[in-house]
Every structure is written in structure tokens, then in C-alpha cells.
Amino acid sequence: MNILIPHTWLLEHLDTQATPDQIARLLSLSGPSVEHIYDREGESVYDIEITSNRVDCMSVRGIARESAVILTYAGIPSQLKSQTSHPIPSSPNQLPLPTINDPSQLSKRTNAIILDNITQNPTPDWMAKRLRQIDQNVHNSAIDITNYVTHEIGHPCHAFDYDKIMNLGGVINITQASPNMEFTTLDGESYKTTGGEIIFTNNDNQIIDLPAIKGTLNSAIDNQTKRILLWIESLPAHLIRQASMNHNIRTIAAQLNEKNVDPALTIPTIELAVYLYQNLTQATIASDLVDIYNQPFQPQSITLPLKRIQTYLGIELPPAQIIKILNDLGCPASLQNNELTVTPPSFRPDLTMDADIIEEIARIYGYDKLPSVLMSGPIPTQFQPGVNFILEYRIKQFLASNNWQEVYTYSLVSQELISQAKQFVNYDHPPLKLVNPLTDDRVYLRQSLIPSLIEVFSQNPNAENLQVFEIANTYLPQDSQPPLEKLHLTLVSSLPYRQIR
């Protein structure tokens, strides 16, 4: 996903003297890649590619947080500015909130508030300029505020027409769709559900929103809207992704929500939106803020030995430097008995194992500072003795022409895979375990190709008449010797034995 960020907007969150070129170069070396700097309306605008696992960087605030650390470690003093708080005061003039029903607790967090006396003012020049710079259409303040705060903070929010919601029954049921339920999005396009989508319905089972993706016409703001129900939900990412792809509705909201956007962002997002509505549309607050937090964030610590960091990076960094890097990234770290314990914050759902932590250390320390060692020895120019590459090629061509598919599976297997295929393991000489594996699950050298090919079948349950083959080595232990590598041709098929033969 690419995100556009004007330089002056970035500087509202980042205190730095770095030039746009310096920011682009250093950010690309250690973080999100700045693909281009455009000149739009007399200002530098960054075009930044964000990998799908870094939803924390898909906003102005997120890029500012990332830039502050990277620039500082590159020798340019920079600091993330404190986020301006906009507390929502209590209102003496209360309108009734719609009843919110979520019996299955599908929403991890739900926020809502009513705004009254909305004036449909034109979007101010400063906001319209920024929206144009990031390729967003400009409508009016009542609509554009939600797009603006989404881009700044990084969590989508939605504005319903409050009176339409109440006229539809004053109930919002958070549920999953049955097949063939009809709904029309706010742009007038009609759809039918495939089943399983998270939807909002009233008590007549009428869809009143396709949440986290796109609003529906029957509850959308129009030119007559005077009251708004400002709303934020935090739904299961995989269900948002499935619904968005099934209906080919690829909005910014869907692209953020399908990547596990941080529920902790909902409060600063809705507070900023209310503040802007008050200032740009003369809105008045007409309810208390609803905050239903069904699934609060539970920090999960990651523990790894300091020695593993040295093994992966090829250098030994002082423990104090490692801890400082992680703390600066917002990941509290501590050291005890040469074991590093790191607790990723809620905005970093991508940090789940020790390799992720080591990568964070490496990129902030500087990939360019890591040692680069060329392999020793001459490049072989002759065929390996005892290997008939011509025969291998003929076998592959013959099988492929008879509807067999060649696969390449891992030489390393997990303990679970070994347990599932005990008949293929020589327990007099159990599989060899790597001292320094790339992952924590695949650590054993396989003694047979069959379990690996069966695993291919389990990962493709919907494939009919699947036939796969592989030509690869197995590794048999030898006393005080490297493992004996034996080349095998193994075929696995779902077809009857007689047909295969």
C-alpha cells in the first residue's frame, strides 16, 4: 500500500531540521520506502510504499513516529511531537443514542457520539489543499473531516446521518450476513452478500452499513443532514479482507482495517474528529462518548537470548544499545541473565517472534554497518559427481507432461510433522536438529520426502485430482560424520493406485 504525505503535514507531528531529500533517503534505508517526492501545489509530497505488515506507518502520525527514530540514529536530531489532546466535554443536551447490540462481541472496540446542529460548510482551503495533495476528493466539511482524521491518525472513522439511523429503528445490530442480503452503498452501487460478512442491521434485518469498508445509502450523510452519529469500530481483520475482496470494494478504510489497525487509536481519532466538527461545522455535542471495549489489548512479551542477536547479526552490540533502540521504537525492553524480554506495543502487531525483534535492532542500528563477508573458495564449474542432471530433467519433463506438478518443499521439518509421519523416521538414528535454524518450528533435517508432500496436500484441500512430485535430498545421520544425502524421487497423488501405475 502506498501513502501520500505532504511535508508540512508531517512537520506538525515531527520536530526535525531534515530536508525532504534527507527524510526520503534515510527512511528508505531503514524503514518504509519513499518511492518519489512530488511537487504538489508548491510543496513536497512523499509517495511512500508501506509493506502490509506495517499498518502502524499508514498515517501521518505513524510516519512521523518512524522518522523520529530513524533520523536520530542517522545523526539528525529529531523528535516526535506530543499528540495534541482534544478531550470531549459532557453535554447537557442529550439525544438518545441508538441501541447497539453485539451479542457475539464481533467488534473489539466500538466508539460513538452524536453531533447536533451540523452546518454544511465548504471545506476550508487548508484542509482541501491537503486532501487534493493526497489524491482525495473534496466534498464539504461534514464529509471530508472523516477522511482527514483517518489519514492523520491512521484509524478509519465513519459518519452516519443520525436521523436516518433513528428512523430505521434506532438499533444497530453487529452481526454476520446470510447469503443474498441486498444493500446499496453510498455511491449508489447495489450488492448481494455472499455470507459471512460483518454487517450492521436494524431489527427488520435491513443492512444499514457495511462496516469498516463502506457506508450504505440508507444511512449516509446528504445535503439535508443536520445531525451526525460519529462512529468507529474495530472488527476482525480477516473478515474485513474477505468481504472487501469478495465485493471488490477497495476503500482506504478497508485497506487499513484488514491489517489489524490498532484499537488504541480510536479515542484520539474520534476526539480529533469531534474537535474539527465543532470548529468547521459549528456542531454541538449531543451525547456522551460511547466506548465499548470488548477485547482490550493484552501485551505479549517476546524473550530471546542476547547470543541469538549476535548470531543473526554477525556482531556483538552492547546490551544498553540494544535496549535503547527497542525503547526508542516504543517496545519496552529489559535484560536479565543474558535474556532479553521485549513487549511490543499495541500499534506493532507485526512483532510476534524473536526474528522480528532482531530485525528491528538491525534496521535502526543500520544495515550498512553490518559486516559483509564474501563466501570463500572457488565457484564450482563442473557437475557434481554422481548426479545425472540430464536424467533428472527427463524425469521432470515426463511427469509434467502427464499432469504431475513439481513442488519444492523445505528440507527442514517441524517436530509436529515428524510426529505425524513416524513410519518414515529411523528412531535408531533420529533426525538431526540444527543448532541455528532460521525459524523456531522447522529445525530438523528430514529423512523422507513423503511427510512434506502430504503437507502440500493438507494446504490445498480444495484441489481435485492433485498429483505432485519432488526430486530432492533426504538426510540420514551418520556417527561422527556429516549426514548422508540421498536423492529421492517421491510422488504423491489423490488418484486411484491403478490409474497412477
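The values are calculated or read from the model by the stated rules, or taken from the named source; none is laboratory data. Fair warning: this is a prediction, and the values are worked out from it, not measured in the lab. Counting neighbours? That spans all protein chains shown, and the Cβs are built from the backbone with ideal geometry, glycine included. Calculation scope for accessible area: heavy atoms of the full protein, side chains included, ligands and nucleic acids excluded. Shrake-Rupley method; radii C 1.70, N 1.55, O 1.52, S 1.80 Å.
Considering only residues that are more than 12 Å from Tyr410 (Cα to Cα), in contact with a strand residue (DSSP E or B) (Cβ under 8 Å, 6 or more places away or on another chain) and open to solvent by 40 Å² or more (accessible area, probe 1.4 Å), which ones fall in the stretch 466-482?
Correct list: Leu476, Gln478.
Say whether the condition of being touching a residue at least 60 places away in the same chain (Cβ under 8 Å) and of a type outside the set (Ser, Thr, Tyr) is met by at least one residue in the stretch 416-434.
Checked against the condition, which is being touching a residue at least 60 places away in the same chain (Cβ under 8 Å) and of a type outside the set (Ser, Thr, Tyr), the stretch 416-434 yields no hits at all.
If a residue must be of a type in the set (A, V, I, L, M, F, W, C), surrounded by 20 or more Cβ atoms within 10 Å (Cβ to Cβ) and within 21 Å of His13 (Cβ to Cβ), how many such residues does the stretch 242-266 contain?
Counting residues in the stretch 242-266 that are of a type in the set (A, V, I, L, M, F, W, C), surrounded by 20 or more Cβ atoms within 10 Å (Cβ to Cβ) and within 21 Å of His13 (Cβ to Cβ) gives 3.
Among the residues of the stretch 267-300, how many are open to solvent by less than 40 Å² (accessible area, probe 1.4 Å), touching a Pro at 6+ places or on another chain (Cβ under 9 Å) and outside any helix (DSSP H, G or I)?
2
Anything in the stretch 21-50 that is touching a residue at least 24 places away in the same chain (Cβ under 8 Å), hydroxyl-bearing (Ser, Thr, Tyr) and within 25 Å of Ala362 (Cβ to Cβ)? List them, or say none.
Ser30, Tyr46
Name every residue in the stretch 357-376 that is closer than 30 Å to His155 by Cβ and either open to solvent by less than 30 Å² (accessible area, probe 1.4 Å) or β-branched (Val, Ile, Thr) (or both), in order of residue number.
Ile357, Ile358, Glu360, Ile361, Ala362, Arg363, Ile364
Can you tell me which residue in the stretch 1-15 is farthest from the chain's Cα centre (by Cα), limited to those that are assigned to a loop (DSSP other than H, G, I, E, B) and of a type outside the set (Asp, Glu)?
In this case the residue turns out to be His13.
Looking at the structure I just gave you, is Pro332 open to solvent by 40 Å² or more (accessible area, probe 1.4 Å), under 24 Å from Lys307 (Cβ atoms), touching a strand residue (DSSP E or B) at 6+ places or on another chain (Cβ under 8 Å) and not aromatic (Phe, Trp, Tyr)?
Yes.
Can you tell me which residue is farthest from Gln278 (Cα to Cα) among those in the stretch 221-241 that are open to solvent by less than 90 Å² (accessible area, probe 1.4 Å) and part of a helix (DSSP H, G or I)?
Ranking the qualifying residues of the stretch 221-241, first place goes to Leu239.
When only residues in the stretch 423-457 that are more than 23 Å from Ala400 (Cβ to Cβ), under 32 Å from the mean Cα position of the chain (by Cα) and of a type in the set (S, T, N, Q) count, which is surrounded by the fewest Cβ atoms within 10 Å (Cβ to Cβ)?
For the stretch 423-457, the residue satisfying everything is Asn436.
For a quick check of your reading of the model, give me the residue pairs whose first member lies in the stretch 232-256 and is closer than 17 Å to His158 by Cβ, whose second is small (Gly, Ala, Ser) and in a strand (DSSP E or B), with beta-carbon atoms closer than 8 Å and at least 6 apart or on different chains.
Ile232/Ala112
Is it the case, given these coordinates, that Ser376 is among the small types (Gly, Ala, Ser) and either part of a loop (DSSP other than H, G, I, E, B) or over 39 Å from the mean Cα position of the chain (by Cα) (or both)?
Against the criterion (among the small types (Gly, Ala, Ser) and either part of a loop (DSSP other than H, G, I, E, B) or over 39 Å from the mean Cα position of the chain (by Cα) (or both)), Ser376 qualifies.
Out of Asp163, Asp187, which single residue is at pLDDT below 95 and open to solvent by 10 Å² or more (accessible area, probe 1.4 Å)?
None of the others qualify; the one that does is Asp187.
Restricting attention to the stretch 301-333, and to residues there that are polar (S, T, N, Q) and at pLDDT 95 or above, which single residue is farthest from the chain's Cα centre (by Cα)?
Gln321
Determine which member of the set Ala212, Ala253 is on the phi > 0 side of the Ramachandran plot and small (Gly, Ala, Ser).
Step by step, each of Ala212, Ala253 is checked, and only Ala212 is on the phi > 0 side of the Ramachandran plot and small (Gly, Ala, Ser).
Looking at the stretch 484-501, which of its residues are more than 18 Å from Ser411 (Cβ to Cβ), among the polar types (S, T, N, Q) and open to solvent by less than 80 Å² (accessible area, probe 1.4 Å)?
Ser493, Ser494
Looking only at residues that are in a strand (DSSP E or B) and aliphatic (A, V, I, L, M) in the stretch 166-203, which one is farthest from Ile114 (Cα to Cα)?
Ranking the candidates gives Ile198 first.
Which of the residues spanning the stretch 16-64 are open to solvent by 30 Å² or more (accessible area, probe 1.4 Å), among the charged types (D, E, K, R) and in a loop (DSSP other than H, G, I, E, B)?
Glu41
Just the residues that are touching a strand residue (DSSP E or B) at 6+ places or on another chain (Cβ under 9 Å), under 27 Å from Pro96 (Cβ atoms) and open to solvent by 30 Å² or more (accessible area, probe 1.4 Å), please, taken from the stretch 117-150.
Scanning the stretch 117-150 gives Asn117, Ile143.
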